Amino acid sequence: MPDFRVHAPHALPDAAEILLGADESHHLVAVNRCSRGDPVIAFDGRGREWRCECLDPAKSGARLRVHATLQAQPLPHAITLAQALPKGSTMDEIVRQATELGAARIVPLLTERTQVHLDGERAEKKVEKWRTTAIEAAKQCGNPWVPEIAPVQRLDTFLATQAAQHELRLVASLHAGTRSLREVVAHHRAHHPRPPRSALWLVGPEGDFTPAEMTACITAGCTPVTLGPLVLRCDTAAIAALSVLAHELGS
């Protein structure tokens with residue numbers, strides 16, 4: 001049986017014991033049926049893991065005894081997925097799969113063609129739900145790094161304040177004048193002494209970015225990239241883009 005995994009974001013690096021919060025304890029004990037003496041891996045979502053055993057399987061506050069502490073190597077490249085909000089619950093699945101693929105940051109975007117409009121308390125609740133989804137995905141796949149889920153923001157705001165922080169900037173596009181990802185990465189390698197440590201993938205909503213938004217992305221330094229001859233759903237485009245980019249940067 002694989003070890004149980006729990007999220008312990010506030011555990012001390014040199015902890016001898018870890019006391020879990022009520023929600024995490026309930027999930028570990030009541031849902032996953034963890035018993036006294038069972039092996040448990042606690043992780044903080046920032047690359048640190050503790051190999052533990054369950055001392056007290058209390059549903060309101062389980063206690064773990066730490067046997068070893070491990071620190072994962074930093075991510076060789078931090079990929080940010082800036083995703084225009086899709087309809088329905090599609091964003092939940094995008095967050096889940098992006099976590100499994102090792103995305104470092106996910107930015108939910110409002111664009112001209114976005115059909116979901118979130119603001120204020122509703123937006124905050126959605127972001128918290130996506131953060132929970134990312135933690136659950138990290139538990140399931142064994143990822144010691146939980147991606148940051150940024151607040152919902154407008155595309156123009158993101159381009160003006162954050163796009164320049166990334167060494168490699170890409171936007172998935174159905175417009176004319178795109179290049180293949182392999183070509184773009186090869187061009188970057190030919191002009192830089194090392195692979196990019198940070199990369200940005202911009203993925204539009206159903207119907208893609210408008211021409212004006214695409215122009216704004218290009219002005220912000222983003223290279224338009226094709227994901228092939230077929231028109232992909234925005235969630236398929238996001239996962240395909242992350243998969244191919246992670247492969248190209250790691251090859």
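The values are calculated or read from the model by the stated rules, or taken from the named source; none is laboratory data. What you see is a predicted model, and the numbers here were worked out from it, not measured in a lab. In this analysis, Cβ positions are derived from the backbone assuming ideal geometry, glycine residues included, and neighbour counts consider all displayed protein chains.
Okay, here's what the table says:
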| item | result |
| --- | --- |
| Residue selected from the stretch 77-103 under the condition closer than 15 Å to VAL127 by Cβ and among the hydroxyl-bearing types (Ser, Thr, Tyr), by the criterion surrounded by the fewest Cβ atoms within 10 Å (Cβ to Cβ) | SER89 |
| Number of the condition not met by ALA216 [criteria: (1) at pLDDT 95 or above; (2) over 20 Å from LEU159 (Cβ atoms)] | (2) |
| Count of residues meeting criterion [without any contact (Cβ under 8 Å) to a residue 40 or more places away in the chain and on the phi > 0 side of the Ramachandran plot] in the stretch 12-70 | 2 |
| Residues being surrounded by 18 or more Cβ atoms within 10 Å (Cβ to Cβ) and more than 22 Å from the chain's Cα centre (by Cα) - total across the stretch 16-26 | 3 |
| Close pairs from the stretch 130-148: first free of Cβ contacts under 8 Å to residues at least 40 places away in the same chain, partner assigned to a loop (DSSP other than H, G, I, E, B) and buried (at least 21 other Cβ atoms within 10 Å of the Cβ), Cβ under 7 Å, at least 6 apart | ALA134/VAL146; ALA134/PRO147 |
| Checklist (1) farther than 12 Å from GLU148 by Cβ; (2) at pLDDT 95 or above; (3) part of a helix (DSSP H, G or I); (4) hydrophobic (A, V, I, L, M, F, W, C) applied to ALA123, failing item | (2) |
| Hey, GLU148 touching a strand residue (DSSP E or B) at 6+ places or on another chain (Cβ under 6 Å) and among the acidic types (Asp, Glu) or not | yes |
| Filter pass, LEU230 being surrounded by fewer than 21 Cβ atoms within 10 Å (Cβ to Cβ) and part of a loop (DSSP other than H, G, I, E, B) | yes |
| Cβ pairs under 6 Å, 6+ apart, first in the stretch 83-110 and outside any loop (DSSP other than H, G, I, E, B), second of a type in the set (Ser, Thr, Tyr) | ALA84/THR111; ALA84/THR114; ASP92/THR133; VAL95/THR133; ARG96/THR133; ARG105/THR80 |
| Pick from the stretch 189-217, criterion farther than 19 Å from ARG233 by Cβ and in contact with a Ser or Thr (Cβ under 9 Å, 6 or more places away or on another chain), ranking: surrounded by the most Cβ atoms within 10 Å (Cβ to Cβ) | LEU200 |
| Any hit, the stretch 75-85, residues being assigned by TED's automatic domain parsing to the domain that holds ARG194 and more than 21 Å from the chain's Cα centre (by Cα) | no |
